[in-house]
1. Only residues in region 9-30 that are touching a residue at least 12 places away in the same chain (Cβ under 8 Å) count as the first member; pair them with residues that are of a type in the set (A, V, I, L, M) and in a helix (DSSP H, G or I), Cβ under 8 angstrom, at least 6 apart or cross-chain, and list the lot.
2. Can you tell me which of ASP40, ASP34, ASP2 is among the acidic types (Asp, Glu) and either surrounded by 10 or more Cβ atoms within 10 Å (Cβ to Cβ) or touching an Asp or Glu at 6+ places or on another chain (Cβ under 9 Å) (or both)?
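Nothing in this text is a laboratory measurement; each read-out follows from the coordinates by a stated rule. Nothing here was measured: the structure is a model prediction, and the numbers come from that model. When we count neighbours, we look across all protein chains shown, and the Cβ atoms used for this are built from the backbone with ideal geometry, even at glycine.
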Amino acid sequence: MDPLVDDPRIFHVAFHEFSRDPIGTVGKAYAQWDLPFTHDFEARMQAWLADPANSANRYGRYDYRFEPFGLSGGVFEAPGLDANPDFPYTLDLRRGS
């Protein structure tokens, strides 16, 4: 057990998981910490997410791409990037993953 990775106070979140299911991810965190996750709380999160004022694109959309910098996604998929076997997550930069 690595205390820096396995600290029960820390809830590790994969960005793509949080993007796909923010309420479910928060629910898992609350369950890990033994905190109440009420229907009212869930409804308030759903309302906040549905409000256009909280949209991720409220200031416009920026499409992050490698090409303007002379790069391609392949440079990040090179062998050896996952050099730390103790890190429990891998990078998956493919669109829609």
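1. So the pair list comes out as PHE11/ALA29; VAL13/ALA29; PRO22/MET45; PRO22/LEU49; ILE23/MET45; ILE23/LEU49; VAL26/MET45.
2. The conditions single out ASP2.
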